[in-house]
1. Does B:TYR194 satisfy being within 14 Å of another protein chain (Cβ to nearest Cβ), closer than 26 Å to B:GLY133 by Cα, at pLDDT 90 or above and outside any loop (DSSP other than H, G, I, E, B)?
2. Given the condition surrounded by 15 or more Cβ atoms within 10 Å (Cβ to Cβ), away from every other protein chain (no Cβ under 14 Å), more than 22 Å from the chain's Cα centre (by Cα) and at pLDDT below 90, answer yes or no: does some residue in the stretch B:278-300 qualify?
3. Against the conditions (1) at pLDDT below 95; (2) small (Gly, Ala, Ser); (3) on the phi < 0 side of the Ramachandran plot, where does A:GLY45 fall short? Just the number, please.
4. In the set A:ARG73, A:ARG82, A:ARG91, which member is more than 11 Å from ligand 1 (Cβ to nearest atom) and either of a type in the set (Ser, Thr, Tyr) or in contact (Cβ under 8 Å) with a residue 12 or more places away in the chain (or both)?
5. When only residues in the stretch A:57-70 that are under 21 Å from B:LEU207 (Cα atoms) and touching a residue at least 24 places away in the same chain (Cβ under 8 Å) count, which is most open to solvent (accessible area, probe 1.4 Å)?
6. Which numbered condition trips up A:ARG91, out of (1) within 14 Å of chain B (Cβ to nearest Cβ); (2) over 23 Å from A:GLU201 (Cβ atoms); (3) crowded, with 17+ Cβ neighbours inside 10 Å; (4) of a type in the set (D, E, K, R)?
7. Looking at the stretch A:16-28, is at least one residue within 14 Å of another protein chain (Cβ to nearest Cβ), open to solvent by 20 Å² or more (accessible area, probe 1.4 Å), over 17 Å from the mean Cα position of the chain (by Cα) and touching a residue at least 40 places away in the same chain (Cβ under 8 Å)?
8. From (1) in contact with a Ser or Thr (Cβ under 7 Å, 6 or more places away or on another chain); (2) farther than 24 Å from A:MET100 by Cα, pick out the condition that doesn't hold for A:LEU184.
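The values are calculated or read from the model by the stated rules, or taken from the named source; none is laboratory data. Model, not experiment: these values are computed from the prediction. Here Cβ is always computed from backbone atoms with ideal geometry, including for glycine, and neighbour counts include all displayed protein chains. The protein model used for the area step is the full one, side chains on, heavy atoms only, and it has no ligands, DNA or RNA in it. Shrake-Rupley method; radii C 1.70, N 1.55, O 1.52, S 1.80 Å.
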Amino acid sequence: MSTLAISGLNVVFSTEDGPLHALKDVTFDVPERRIVGIVGESGCGKSTLINAILGLLADNGTISGGEVLFEGRDDLTQFTPRQMRDLRGPRISTVFQDPMGALNPVLSVGRQMINIQYRSDQSKEQKAARAIEMLKLVRIPDADSALERYPHQFSGGMKQRIAIAMALMMEPALLIADEPTTALDATLEVTTIELLKDLQEKIGCSVMFISHHLGVIAELCDDVVVMYAGEVVERGPVREVFQHPSHPYTRRLLECDPARQTERTRILPTIPGEIPDLRARPRGCVFAARCLDRHEGCDTPQPDIVVAPGHAARCNLAGQTAREGAGA
Amino acid sequence: MLNYAVKRLGLAVAIVSLAMFLLFCMIYLVPGDPASVALGPRATDAMKEALRIKMGLDQPIWVQFWHFFTGAWTGDLGEEVLSGRPVLDVVLEQLPFTLVLIAGGISWSVALGIPLGCWAAINRGSFADRLVGVLSVAVIAVPSFVIAIYALLIFAVTLQWLPAIGAGEPGDPGDQLVHLILPSLAVGLGWVGYIARMVRASMLEVLEASHIRTARAFGLPENMITYRYALTIAILPTITLLGVGIGQMLSSAVFAEIVFARPGVGKLVYDAILTRNFPVVTGAVLVTTVIFVLLNLVADLIVGALDPRVRSSF
Ligand SMILES: Nc1ncnc2c1ncn2[C@@H]1O[C@H](COP(=O)(O)OP(=O)(O)O)[C@@H](O)[C@H]1O
Ligand SMILES: [Mg+2]
C-alpha cells in the first residue's frame with residue numbers, strides 16, 4: 001500500500017490574466033517507507049504540489065480534478081479544512097526551505113514544540129520531555145536548555161534541525177520536505193541529509209523530498225519524480241531513471257547538472273528557452289518548444305509510456321529513446 | 001533583560017538632559033528680560049534688579065545653566081512669580097489629571113484600534129476592511145479639538161448623556177470616570193485610526209511570514225495562529241508608535257482640557273501663559289518632557305519584554 005497515491009491531480013490558480021494551470025494530470029505514488037524525490041526547475045509547481053496535498057493552497061487556487069489517496073483510504077481532495085487541519089502535524093508534517101524564517105521569532109523553541117502537541121492530553125512536563133528527546137535525536141547541543149532559547153539564538157543549520165525535530169516529533173506517516181537544504185552550505189547539507197535518512201529509518205515514515213539538486217536526490221531517494229511546467233514528465237526508481245532517462249527534459253537536466261561537469265568547464269550548460277506560459281499551455285507536449293527531438297508527434301497530448309517496471313515517461317518517443325539510451 | 005533596561009534608562013537620562021539644555025537655550029534666546037516680562041510694565045527698575053538677582057540672571061550664562069540643570073534634576077524648577085510656591089508642586093498637583101486623560105486616550109485607541117485592525121486584516125478586501133480603512137483615515141484627519149468640541153456639543157449639550165465640564169467630584173471615582181469619557185475620546189479617537197491601520201498592515205505582513213505557514217502546516221488552531229503567533233509580532237511596531245504618539249496626545253490634551261474646562265497640565269500652561277507666569281510654563285514643559293521620555297521608555301521595555309530579538313540586540 002502507498003502512503004500517498006496521487007492520480008490525475010490538477011490545480012488551477014485564477015489570476016487577473018485568466019486561469020493559470022499550475023499542475024496538470026500529476027500522477028505518482030509515495031510508497032510506504034520510501035523516499036521519493038521531486039525535481040524540476042523553479043516555477044515548475046513543486047510548492048503548489050505540496051500545498052495541494054496539505055490543503056494549504058492560496059485563496060485563488062483550486063484543485064480542479066484528480067485525487068490524493070492517503071494511506072489507501074482517504075481522498076484528501078474531498079477533506080474539509082477541519083479534517084485537513086487534523087491531519088497536518090500528526091499524520092503529514094512538513095519542513096520548509098527557509099530555516100531562518102520557519103520558526104516564530106518571539107516564541108521560545110520549547111513553547112513552539114509544546115504548542116504543536118496541543119492535541120495530546122499529556123502534561124506539559126511530558127510534552128517538554130518529548131521535545132527534548134527529539135532535540136537530542138537531531139543532535140542539538142545542550143538540548144535540555146534549548147527549550148528556553150529563541151530561534152535567533154541558533155545557527156541556520158541548527159534551526160533546520162529543530163524544524164526537522166518538530167516535524168518528526170509526532171511520528172507522522174508522511175514527511176514532506178520542501179528544499180530543506182537549499183539554504184544551507186554544502187557540508188551542512190550533507191549532514192542534514194544523513195540525519196534525515198537516519199530518522200526516516202528510525203520512525204519508518206515515507207518522505208517526499210523536493211530538491212533541484214540532482215546529487216542529493218541520487219544520494220537520498222529511492223524514487224524520483226521529474227516535473228516540468230506543472231506536469232510529471234518522468235518517474236521511476238532513482239537508479240533506473242538516472243541511468244536510462246527516457247524523457248528529453250530529464251536527459252537535459254542530467255547533462256546540465258553541475259556535479260557532472262568536468263572542472264575545466266567554465267560555463268554551466270543550461271537548457272535554452274523558458275517554461276511555457278502556464279496560462280496558455282500548448283496542446284501537445286509542454287517541453288516541445290525547448291526539445292531537440294521535436295517532430296509532428298509532439299503536437300498532440302502525450303501519453304505516459306511505461307519503459308520499465310515502475311518507470312514511465314510522458315513522451316511519444318519514450319520507448320525507443322530508452323532502448324537507444326540503454327544500447328549506447 | 002536587566003541589561004537592556006539599564007541601557008535604555010541611560011538613554012532616557014541623556015534625552016532628558018538634552019531637552020533641559022534646549023529648553024534653557026530657548027529661555028535664554030527669547031528676546032526681552034525675563035524679570036521685566038514677569039513683573040509687567042509698571043515695575044520699577046529697582047524691583048526688576050532685585051528679581052534679576054533673585055533669579056540669578058546677573059550670573060554668567062554657564063553658571064545659570066548649571067543652576068538650572070542641577071536644580072531641574074533635583075526637582076527644583078524655581079518658584080511661581082506671584083505666590084512664590086515651588087513650580088514643581090504646582091505642576092505635580094495638575095499632573096495626575098493629565099495622566100489619567102492620556103491613559104484614557106490610550107485605552108480608547110488600544111481597545112478599539114487593535115481589534116479593528118486585526119479584524120480588517122483577517123477579512124482583508126471585504127466590506128468591513130474597507131469600512132475600517134475609511135473610518136481610520138477620517139478620524140486621523142479630523143483635529144482632536146474639533147472632535148472635542150463636537151463631542152461636547154452632541155453628547156453633553158444636545159443629548160445630555162454626559163457631563164460637559166470639569167473632572168468630576170474629588171473622591172468619587174465613578175463621577176470622575178463619567179467626566180473622563182468625552183475628553184479622553186477626543187484625545188484618543190485619532191489614535192484609534194492610526195493603530196487600526198498600523199495593526200492591519202503589520203498583521204498582513206506577519207500572516208504572510210513563513211513561520212505562520214509552518215504553524216499552519218502543523219495544524220495549529222486558527223485562533224492560536226492569529227493571536228499568539230501573529231498578533232504578538234504585529235503588535236510590536238504599534239507599541240513603539242504609541243510611545244511616540246504620546247507626544248501628540250499630550251498636545252491634544254491641552255485642547256481637551258481647555259474645551260472641557262478640566263484641570264491638568266495643559267490647562268495650567270494655558271493659564272500660565274495668559275498670566276505671564278513663565279517659570280510655570282518652563283516647569284510644566286520640562287515635566288511633560290520627562291513624562292514623554294518615561295512613557296517611551298515604558299513602551300520600549302514592553303517591546304523588549306515581548307521580543308527576544310530586541311532584548312539581545314542591546
Ligand atoms: N497563488 C498563486 N497565484 C497565481 N499563480 C501562482 C500562485 N502560486 C504559484 N503560482 C504559479 O504556479 C507556478 C508554480 O509555482 P510553484 O509551485 O511555486 O513552483 P516551484 O515551487 O516549483 O518553484 C508558477 O508559475 C507560479 O507563478
Ligand atoms: Mg518552491
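1. Values: within 14 Å of another protein chain (Cβ to nearest Cβ): no; closer than 26 Å to B:GLY133 by Cα: yes; at pLDDT 90 or above: yes; outside any loop (DSSP other than H, G, I, E, B): yes.
Answer is no for this residue.
2. No, the conditions are met nowhere in the stretch B:278-300.
3. (3)
4. Exactly one residue qualifies, and that residue is A:ARG91.
5. First, the residues of the stretch A:57-70 that are under 21 Å from B:LEU207 (Cα atoms): A:57-62.
Subsequent filtering for residues that are touching a residue at least 24 places away in the same chain (Cβ under 8 Å) retains A:57-58, A:60-62.
Working: A:LEU57: 37, A:ALA58: 53, A:ASN60: 65, A:GLY61: 13, A:THR62: 82 Å².
Selected residue: A:THR62.
6. Against the list (1) within 14 Å of chain B (Cβ to nearest Cβ); (2) over 23 Å from A:GLU201 (Cβ atoms); (3) crowded, with 17+ Cβ neighbours inside 10 Å; (4) of a type in the set (D, E, K, R), A:ARG91 comes up short only on (2).
7. The answer is no, given that none of the residues of the stretch A:16-28 is within 14 Å of another protein chain (Cβ to nearest Cβ), open to solvent by 20 Å² or more (accessible area, probe 1.4 Å), over 17 Å from the mean Cα position of the chain (by Cα) and touching a residue at least 40 places away in the same chain (Cβ under 8 Å).
8. Tallying (1) in contact with a Ser or Thr (Cβ under 7 Å, 6 or more places away or on another chain); (2) farther than 24 Å from A:MET100 by Cα, A:LEU184 fails exactly one: (2).
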